[in-house]
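Here the structure is laid out as structure tokens; the discussion comes afterwards.
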Number of protein chains: 2
Amino acid sequence: MKNENNVTIHDIAKALNISGSTVSRALNDNARISEKTKKAVKDMAKQLGYQPNALASNLRTSCTNTIGVIIPRISRYFFSSAITGIEEFARKKGFNVIICQSNDLEERESDCVQTLFASRVDGVISSVALKAENYDHYKTFTNRNIPLVFFDRVVDELETSKVVVDDFKGGFIAAEHLISKGCKRIAHISGPQHLNIYINRLQGFLKAMRKHHIDINEELIIESPLTREDGLRCAKTLLESDNPPDAIFAGNDTTALSIILYAKEKGIKIPEEVAVVGFSNEPFSEYLSPSLTTVEQSGFDVGTKATELLLDIIQNKTGNRQETIVLPVNLIERESSNRK
Amino acid sequence: MKNENNVTIHDIAKALNISGSTVSRALNDNARISEKTKKAVKDMAKQLGYQPNALASNLRTSCTNTIGVIIPRISRYFFSSAITGIEEFARKKGFNVIICQSNDLEERESDCVQTLFASRVDGVISSVALKAENYDHYKTFTNRNIPLVFFDRVVDELETSKVVVDDFKGGFIAAEHLISKGCKRIAHISGPQHLNIYINRLQGFLKAMRKHHIDINEELIIESPLTREDGLRCAKTLLESDNPPDAIFAGNDTTALSIILYAKEKGIKIPEEVAVVGFSNEPFSEYLSPSLTTVEQSGFDVGTKATELLLDIIQNKTGNRQETIVLPVNLIERESSNRK
DNA sequence: AATATAAAGACAATCGATTGCACGATTCAT
DNA sequence: ATGAATCGTGCAATCGATTGTCTTTATATT
């Protein structure tokens, strides 16, 4: 029963008394081979239980039909859904996916690049590490013309194609929503300003404020790494000040979570005393109490789109396109901002 | 600047005026090569920017240094942490990881097997799909002597090594905890009974009940696919009966979540009227209100252990070991069961 | 000094599929 | 009917690293 896996094209060739090259061409539907021969070859392949040896093919063609993915951490819902999108699309097109996690560390990200390069992936999809400030390691790919597509966390410095959600609009609708609820002193906890997504969320926020002629108080706009811990620090800073805000738009749901937990602990009422809006629609946001109003972004769609773009570049050799695709976001209204 | 990637061992050989085989052996630290030559080769390799071509090596050795992983869905926290453990360990040992999702569907699982087989992975780690009832597709691996390790969702039918958490003990301590809180009518929502984990959780539960001489009421033990939707059905069945339970031990956190949401909606007080315990310690369980008492299982540890086992089998050719490793669980007490 | 032995490295085949080029056979045009 | 064009297929090199076997050189033994 076992060890049947040594069937090669030459076994098929021998069985049919033709040459290996003809078998290879027949299996690849090469136009130079007659239909009759093709059929004979394919039938025999099936009969012998032939399984093509991807390794040999890869070596010869130097294509691995594999794409690499670099993400900060797989356990964040947004990223795991992106992976799902990437995987599904790639697999449908006959590509494998190798995933590496940077853990938001520059050094690890650099390792990921090396690993993927050594695996000779045909292309790479990446979302940069929060703590990376230098992106030279990505040159390993660009120097060798290995297509690269970034998603979500992108940086202008890297001149490649990108897929992002409409963070500007997300910031805008979040702020406008709070304004419509009658909030006047609206704070924003923004993320690292070397990443476009946080710049854009902030700019969208500011635009809404200006549109509605709300004073922009610099003290109410703070920058944070947006971790669970730092969220507590921000919550404390904002909520214990002499003149606390009546609304907070957090740069992500994790930070919004920290605020809600802190407010609960201190007996500050949400949304009555302070309304809260997050960003991402992480699964937990629905189950919090109060449940969290947030800006939904589909990781699945972003992943799918990024893969579509990447495979197009790989297959059509479109070269370095530098296209930027922006996907829609929408506001999910829940209890944390629901005041009359 | 580009196209420097065509440095092969033969270029190194030529530069040093030695043969390719010597270069190959030197780079692999073969004992037949003198230290002096080794050093010269390695220095020259660095100088020329040599990057080994894994494809060629793979073809010759028919080892890909890649392991495959089949999981139901990456977006569930338990599985994404398992992946993190797998990845981390594998990478440290120089292995790549290819991930496939079965979406809990038998057909998809079968596809995953084919994909991984075609990728010629050196070994596979899997957690079976909930809706799979036939496991013949796994024979693709066992027939070809490709090592296979299962984790978490394992089935007796498959005779391979396995890594699981102590589900029996988990069921036991969950039940005993509820008993210690004075609960008398304790219900259990169990999962599909063809999977060991659910059988074991149930058996642990029963053992605790017997130990403390609590009547086991068959009506209070129900089987469920443990989805969000079916959780609502179970909640309704149990909580709207004439004689509702005063505690529910849910087979997973998702189902516990459904119960909490249902109870909230109906104004049933948790834990006063009904105490709830879940299983897994999904991240959201901490943020629910009331926060959820649950049995913690470390996906990371399970993944790490499974990988350790698999790589050991791959590297030491230990053959089909059929070892089963059981990792500890522990109870995390929170509000949902906290009654006096 | 002559032979035995070990050490260091070279040669060439190999893994399995792909592909440029060559070749024979058939068809077509004139 | 003859040369040209077309079609179908085979030959052999190739991708780059690995490895069994052979050869050369150095060292040891008596």
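No lab work stands behind these numbers, since they all come straight from the coordinates. Keep in mind it's a predicted model, so treat the numbers as computed, not measured. Because the Cβ atoms are built from the backbone with ideal geometry, glycine has one as well, and the counts that use them run over all protein chains shown.
Calculated [222 nm] ellipticity per residue, helices only, for chain B: -13500 deg cm²/dmol; basis is -39500 (n - 2.57) per DSSP H run with n ≥ 4, divided by all residues, nearest 500.
At a Cβ-Cβ separation cutoff of 4.7 angstrom, cysteine residues of the protein assembly as shown with no neighbouring cysteine are A:CYS63, A:CYS183, A:CYS234, B:CYS63, B:CYS183, B:CYS234.
Whole-Hz Karplus values for the range A:40-57 come out as 4, 5, 5, 4, 5, 4, 5, 4, 7, x, 5, 10, x, 8, 4, 4, 5, 4 Hz, taken residue by residue from phi with 6.51 cos²θ - 1.76 cosθ + 1.60 and θ = phi - 60°; glycine and proline positions read x. In order along the range A:91-106, the Karplus-derived 3J(HN,Hα) couplings, from 6.51 cos²θ - 1.76 cosθ + 1.60 at θ = phi - 60°, round to 5, 4, 8, x, 10, 8, 10, 10, 10, 10, 10, 8, 6, 6, 10, 4 Hz, and Gly and Pro are given as x.
In nanometers and ordered shortest first, the copy-to-copy spacing of the A:GLN47 label point, defined 7 Å from Cα toward Cβ, is 5.8. Counting Lys and Arg as +1 and Asp and Glu as -1 over every other residue whose Cβ lies under 13 Å from the Cβ of B:TYR77, the net charge comes to -2.
Loop only per DSSP, at most 12 neighbouring Cβ atoms within 10 Å: give me the GluC sites (Glu not before Pro) in the range A:52-147, ordered by residue number. For GluC sites (Glu not before Pro) across the range A:52-147 that sit outside H, G, I, E and B with at most 12 neighbouring Cβ atoms in 10 Å, the list reads A:GLU133.
Applying a DSSP loop filter and a limit of 13 other Cβ atoms within 10 Å to the trypsin sites (Lys or Arg not before Pro) in the range A:5-49 leaves A:ARG32. Between amide H atoms placed 1.01 Å from N, distances below 5 Å from A:SER190 occur with A:ILE222, A:GLU223, A:SER224, all of them 5 or more places distant or on a separate chain. Derived scalar couplings between HN and Hα for the range A:301-307 equal 5, 4, x, 4, 4, 4, 5 Hz in order, rounded to whole Hz, by the Karplus curve 6.51 cos²θ - 1.76 cosθ + 1.60 (θ = phi - 60°), x for Gly and Pro. Largest GNM mean-square fluctuation among B:LEU239, B:LEU48, B:LEU116, using chain B with Cα springs under 10 Å: B:LEU48.
Per residue of A:60-67, other chain Cβ atoms within 10 Å of the residue Cβ number 2 on average. Among the listed pairs A:LYS184/A:LYS211; A:LYS92/B:LYS131; A:LYS269/A:LYS340; A:LYS92/B:LYS305, those with a Cα-Cα distance over 20 Å are A:LYS92/B:LYS131; A:LYS92/B:LYS305. Positive contributions from Lys and Arg (+1) and negative ones from Asp and Glu (-1), summed over other residues with Cβ under 10 Å from the Cβ of A:PRO328, come out at -2. Over all distinct Cα-Cα pairs of the protein assembly as shown, the Kirkwood formula returns a hydrodynamic radius of 27.8 Å.
When the Gaussian network model of chain A links Cα atoms closer than 10 Å, the mean-square fluctuations of A:GLY94, A:GLY123, A:GLY303 top out at A:GLY94. Charge tally for A:HIS213 (other residues, Cβ to Cβ under 13 Å; Lys, Arg +1; Asp, Glu -1): +2. Which of A:GLU273, A:GLU323, A:GLU265 moves most in a GNM of chain A, Cα contacts under 10 Å? The residue with the greatest mean-square fluctuation here is A:GLU265. The C-alpha atoms of chain B occupy a region whose extents along the principal axes are 89, 39, 34 Å, arranged from largest to smallest. For A:ILE248, the amide hydrogen comes within under 5 Å of the amide hydrogens of A:ALA187, A:ALA275, A:VAL276, A:VAL277, counting only partners 5 or more places away or on other chains and with H modelled in the peptide plane.
As a proxy for reagent exposure, A:ILE314, A:ILE259 were ordered by neighbouring Cβ count within 10 angstrom, fewest first; the result is A:ILE314, A:ILE259.
So what does the Cα-only Debye profile of the range B:9-52 read at q = 0.26, 0.34 Å⁻¹, as log10 I(q)/I(0), no solvent term? Each listed q corresponds, in turn, to -0.84, -1.40.
Relative to the longest principal axis of the Cα atoms of chain A, the long axis of helix A:196-211 lies at roughly 40 degrees. Principal axis analysis of the Cα atoms in the range A:1-139 yields extents of 61, 32, 28 Å, listed in decreasing size. The label point for B:GLN193 and the one for A:LYS340, both projected 7 Å from the Cα toward the Cβ, are 5.4 nm apart.
Sorted fewest first by neighbouring Cβ atoms within 10 angstrom, A:THR22, B:THR115 come out as B:THR115, A:THR22.
Distances between placed amide hydrogens fall under 5 Å for B:THR66 paired with B:ASN96, B:ASP122, all partners being 5 or more residues away or on another chain.
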